[in-house]
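The values are calculated or read from the model by the stated rules, or taken from the named source; none is laboratory data. It should be emphasised that the depicted structure is a prediction, and the values quoted were computed from it without experimental measurement. Cβ coordinates were reconstructed from backbone atoms using ideal geometry, including for glycine residues, and neighbour counts include every protein chain displayed. Heads up: the accessible areas ignore ligands, DNA and RNA and are worked out on the full protein's heavy atoms, side chains in. Shrake-Rupley method; radii C 1.70, N 1.55, O 1.52, S 1.80 Å.
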Amino acid sequence: MAVVPIDPVSDPRVTHRSALLNGHTYHYLLGVPADGRFKATIFLIHGWPDLSMGWRYQIPFLIEMRFRVVAPDLMGFGGTDAPRVPPNPISLYGYKRAADDIAELARQLGAPKIVLGGHDWGGFVVWRTAQWHPDLVTHVFSVCTPYTEPHKDYYSMEDLVKGPLPHFGYQLHLAGPEVEAALQSEEQIKQFLNGMYGGKGPNGELAFDPVKGVLIENLPKLGKGRLLSDKELDYYVKQYSRNGLHGTLNWYRAHKVNWEEDLELIDRKTISIPTLFIQANYDSVLQPSMARGMEKYLTNLSRREVNATHWALTQKPEEVNAIVKSWLEKVGFGTKSSL
C-alpha cells in the first residue's frame with residue numbers, strides 16, 4: 001500500500017486552487033480521479049505547524065479510492081489570507097469561522113455532502129464543523145485529536161495548565177508574544193520547522209517541549225529532521241515566510257472566543273454520524289488519556305491506534321491509510337458506493 005506522496009512544487013495528481021470564502025482568500029489542493037468521476041468529496045483539514053501538504057500521503061491514496069479530495073490551508077497558513085489581530089477580530093481564527101468557510105467552499109465546489117478528516121487543530125475543526133453544519137457532513141475521522149464537547153463553564157488555558165493539562169503549557173507560550181517575535185527571518189523559520197519535524201541537536205536537544213513550548217535557544221543547534229525532505233522543508237519555509245507566524249499562532253489566542261461560540265452548541269453535544277478516531281500512541285500532547293469516554297457523545301464511533309508520535313500522517317502513512325480505507329469501506333464507501 002506504499003503511496004508516493006504529493007510533490008509540493010508540481011504534481012499532476014493535484015491542482016493548487018484559490019477561493020474567496022466569506023471575504024477571505026483561501027488556498028487549497030484539489031485532487032480528482034483521472035476520469036473525473038468520484039464517489040464523494042472528502043475535505044482534509046490540517047493543524048499546526050502544518051499545511052494542506054501535511055496530507056501528502058493521504059491525498060493520492062484517497063484519489064485512488066475514487067474520492068474527490070479538497071485540502072485547504074487554514075486561515076493564517078500557507079497561501080490562505082492571514083489577517084492581523086488586531087485590528088481584525090480573533091474569531092477569524094476560531095472553529096466557527098473555519099466551519100463556515102469549509103461549508104462555503106463545499107457550496108462553491110457543488111458538494112452538498114462531504115466527508116471530513118482532521119489532524120491536530122484540524123481535528124477540533126472537523127468535530128465542530130459536523131455540529132455547526134450537520135446537514136453537510138456525513139462522516140468524520142480525526143487523527144490524534146479527540147472529541148471534546150462544548151462546555152457551559154469557561155476554563156482559561158492558565159487554569160487548565162495549572163490543573164488537568166500541564167502538558168498544554170506550550171499553548172500559553174505560543175499564544176504569547178515571544179515565539180512570534182523570535183521567529184521572523186526565513187532562516188529562523190527554517191530552523192523552527194526543521195525542529196518541529198524531528199530535528200535534534202548533538203546532545204539530543206529538541207525544538208519543542210509540551211510544558212514549556214518552543215525551545216528557541218535550541219533551534220540553531222538542530223540537525224536535519226527526517227519527517228520532511230529537503231524539497232518539502234523548502235516548501236514549508238516558503239509558505240510560512242509569506243506572512244510569518246502571526247496568523248498561525250492566533251489559533252492559540254482564540255481559546256475564549258471558541259468557548260463563547262460553542263455555547264450555541266450546548267444542546268448539540270452528540271454526534272451520531274459515523275466517526276473514526278485514530279489515536280497516536282506516542283503523541284506527547286494529545287495523549288491517549290484525553291480520548292477516554294468519547295462514546296458518550298459519539299454514538300457511532302470506531303477507534304483505532306497507531307504506534308506513532310503526533311506526526312502519524314507522515315510517520316506511519318501506510319498504517320493510517322489502511323485504517324481510513326477499512327473504515328470508509330465499512331461505513332458505506334465500497335466499490336459501488338456513491339454519495
Self-check item: P(r), alpha carbons of the stretch 37-187 - 5 Å bins starting at zero, rounded %
Solution: 2, 8, 15, 20, 20, 15, 10, 6, 3, 0, 0
Quiz item: Given H placed 1.01 Å from N in the peptide plane, which residues other than close sequence neighbours of I45 have an amide H under 5 Å from its amide H?
Solution: G117, G118, H119
Quiz item: From the phi of every residue in the stretch 14-23, what ³J(HN,Hα) in whole Hz does the Karplus formula 6.51 cos²θ - 1.76 cosθ + 1.60 yield, where θ is phi - 60° and glycine or proline is x?
Solution: 9, 10, 8, 10, 9, 8, 8, 10, 6, x
Quiz item: Average projected area of the Cα convex hull of the stretch 90-159, in nm²?
Solution: 5.4 nm²
Exercise. Read through the labelled values (1) 13; (2) 29; (3) 32 and report the label of the one computed as percent of Cα pairs over 36 Å apart from the structure.
Key: (1)
Exercise. Determine the per residue accessible area of the stretch 65-153 with all protein chains present and a 1.4 angstrom probe, expressed in square angstrom.
Key: 29 Å²
Quiz prompt | Value in Å of the Kirkwood radius, where the stretch 246-311 supplies the Cα pairs that are averaged | solution = 14.1 Å
Practice problem: For every other residue with a beta carbon closer than 12 angstrom to the beta carbon of Y147, add +1 if it is Lys or Arg and -1 if Asp or Glu, then tell me the sum. | Solution: +3
Practice problem: Report Rg(Cα)/(2.2 N^0.38 Å) for the stretch 103-225, keeping two decimals. | Solution: 1.34
Quiz item: For the stretch 207-251, what is the convex hull volume of its Cα atoms per residue in Å³?
Solution: 107 Å³
Exercise. Please turn the phi angles of the stretch 49-65 into ³J(HN,Hα) values with the Karplus equation 6.51 cos²θ - 1.76 cosθ + 1.60 (θ = phi - 60°), one per residue in order, whole Hz, x for glycine and proline.
Key: x, 10, 8, 3, 5, x, 9, 5, 8, 8, 4, x, 4, 6, 4, 5, 7
Exercise. Report, as a whole number in µm² per second, the diffusion coefficient that Stokes-Einstein gives for the stretch 158-246 at 10 °C and 1.306 mPa s using the Kirkwood radius over alpha carbon pairs.
Key: 117 µm²/s
Quiz item: Taking amide hydrogens as modeled 1.01 Å from N in the peptide plane, which residues meet the under 5 Å criterion relative to G332, leaving out close sequence neighbours?
Solution: none
Quiz prompt | Structure-based [θ]222 nm, the chain - -39500 (n - 2.57) summed over DSSP H runs of at least 4, per residue, nearest 500 | solution = -9000 deg cm²/dmol
Exercise. With the full set of protein chains in place, find how many percent of the accessible area of the stretch 129-220 is carbon and sulfur; take the probe as 1.4 Å.
Key: 53 percent
